Amino acid sequence: MTAVIDLDGYFQRIGYTGERRATLDTLRAIQVRHPDAIAFENLNPLLKWPVRLDAPSLEQKLVRSGRGGYCFEQNLLLSHVLTGLGFKVTGLAARVLWNAPEGAITPRGHMLLRIDLDGKPFVADVGFGVLTLTAPLWLEPDIEQATPHEPFRLISAGQEFVMQAKLGETWKPLYRFDLQEQRLPDYEVTNWYLSNHPNSHFVNGLIAARAAPDRRYALRNNELAVHHLNGSTERRVLATASELRTALEGTFRLTLPEVPELDEALGRLIAPSA
C-alpha cells in the first residue's frame, strides 16, 4: 500500500519545516497541519470524475494541484508520507456512526491509520470531515485525550473500538473500527461505491471541511458553518454559485478546476428560494 511520495512537496503544501524523524512530535506536527492545509472535499464524485487512489494520482491532486479529497485519499497520502519517514503504518477501516440512526449497521466506509511507535499503538486520521482528528490518539480505551480542537476518546466495544468526540458536555460517536489490516484493494472497492453509486451522499451533494487552528469550517451543499473552539457556531447560507466558489477557494483554500461543469454543479446546489 505504500509508495514513494515527494516529501518536499508535501511538507511545503502543509507548511511543515520540522524534523523528518519517526517520532511522536513529528506525527503531532504533521497531523495538526495536514487538515488545515488540505481540505476535506468531494468535488470529484460530485462532478462524476473518478477518485483514484494510486500514489501518483494522490500526489498530483492533493499536493501539486491544490485540491483536497475524502478519507481514502487523505489517509492514503498520509500513510505514504509517514512510511517514507520510517513510521510503521497499518491501514484500518471503520463503520461510520456519525449521523446514523442508533443501532444502524453501516458498511466499512471510512479509512483510518494505526501507527506503532516506540512500542505503543496510536490512531491517526486526517479524513473525517468536520471532526477530523488534529492529533494522534493513543490506542487505549476509556481515557479522555486532548487535541488542539475537541477532546476525543476510544471506547471498548468487544473486539472493536468506538471513536467519540466531546461536543460541549456530550460525547458523540463518530465511527466503530477493529484492528484488522486493510489493503489497497479493500479501499478501492468501497471507494468505487462511494464515488459512483447514485445513492452515495458524495455523489449527490457537496461536502467540504477544514480544521483551522482556532475553528472548524464545514460546508454542506450551500450551508456554511464555522465552529469555534469556545463552542459557538456561526451559520450562513450561500446564495449564489459565485459565493460557493469564493468559499471553496478562500475558506477552504482549494484550487478549483476551471471547467464549466463545476459552475453548473455549484448552481444546482443553490436553494430555489435563494
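The values are calculated or read from the model by the stated rules, or taken from the named source; none is laboratory data. Keep in mind that this is a model prediction, so the values were computed, not measured. Methodologically, a virtual Cβ is constructed for each residue, glycine included, from the backbone with ideal geometry; neighbour enumeration extends over all protein chains shown. The accessibility values were calculated without ligands, DNA or RNA, using every heavy atom of the protein model including side chains. Shrake-Rupley method; radii C 1.70, N 1.55, O 1.52, S 1.80 Å.
Taking each residue as 0.36 nm, the span from Lys172 to Arg268 lengthens on full extension beyond its C-alpha to C-alpha distance by 31.4 nm. Computed from backbone phi, the HN-Hα couplings of the stretch 9-24 come to x, 5, 5, 5, 4, 9, x, 9, 10, x, 5, 10, 10, 7, 10, 5 Hz, rounded to whole numbers (Karplus: 6.51 cos²θ - 1.76 cosθ + 1.60, θ = phi - 60°; Gly and Pro given as x). Taking Cβ atoms as reference points and 15 Å as the exclusive limit, the residues near Val96 contribute a net charge of 0, counting Lys and Arg as +1 and Asp and Glu as -1. In the stretch 113-182, one over the average inverse separation of all distinct C-alpha pairs is 12.4 Å, which is the Kirkwood hydrodynamic radius.
For every helix of n ≥ 4 consecutive DSSP H residues, a contribution of -39,500 (n - 2.57) applies; sum these over the chain, divide by its total residues, and give [θ] at 222 nm rounded to the nearest 500 deg cm²/dmol.
That calculation yields -8000 deg cm²/dmol at 222 nm.
For the stretch 193-267, the relative contact order works out to 18 percent when only alpha carbon pairs closer than 8 Å and six or more residues apart are counted.
Whole-percent P(r), the stretch 1-148, all Cα pairs, 5 Å bins from 0: 2, 9, 19, 23, 22, 13, 7, 4, 1. Distance from the Cα centroid of the stretch 199-244 to that of the stretch 93-172 is 21 Å (rounded to whole angstrom). Counting only protein heavy atoms and a probe of 1.4 Å, the accessible surface of the chain is 50% carbon and sulfur.
For the stretch 155-219, applying the loop criterion from DSSP together with a ceiling of 12 other beta carbons within 10 Å to the GluC sites (Glu not before Pro) yields Glu169, Glu181. Against the chain, whose longest principal axis is taken from its Cα atoms, helix 71-84 shows a tilt of about 40°.
Using alpha carbons only, how many degrees (0 to 90, rounded to 10) separate the axis of helix 184-196 from the longest principal axis of the chain? Helix 184-196 sits roughly 20 degrees off the main axis of the chain. Dimensions of the chain based on its C-alpha atoms, expressed as ranges along the principal axes with the largest first, amount to 55, 41, 35 Å.
Just checking the listed ones, Lys166, Lys48, Lys61: in the Gaussian network model of the chain with Cα springs under 10 Å, the one fluctuating most is Lys48.
Classified by the C-alpha gyration tensor, the stretch 147-274 has an oblate form. Its axis ratio a/c, with a ≥ b ≥ c, is 1.5 or above, and a/b does not exceed b/c. Mean-square fluctuations from a GNM of the chain, with a 10 angstrom spring cutoff on Cα atoms, peak among Leu112, Leu256, Leu133 at Leu256. Using a Gaussian network model of the chain with C-alpha springs under 10 Å, which one of Ala135, Ala146, Ala93 is most mobile by mean-square fluctuation? Greatest mean-square fluctuation among the candidates belongs to Ala146.
Within the shell defined by Cβ-Cβ distances under 14 Å, the residues around Lys61 carry a net charge of -1, with Lys and Arg each +1 and Asp and Glu each -1.
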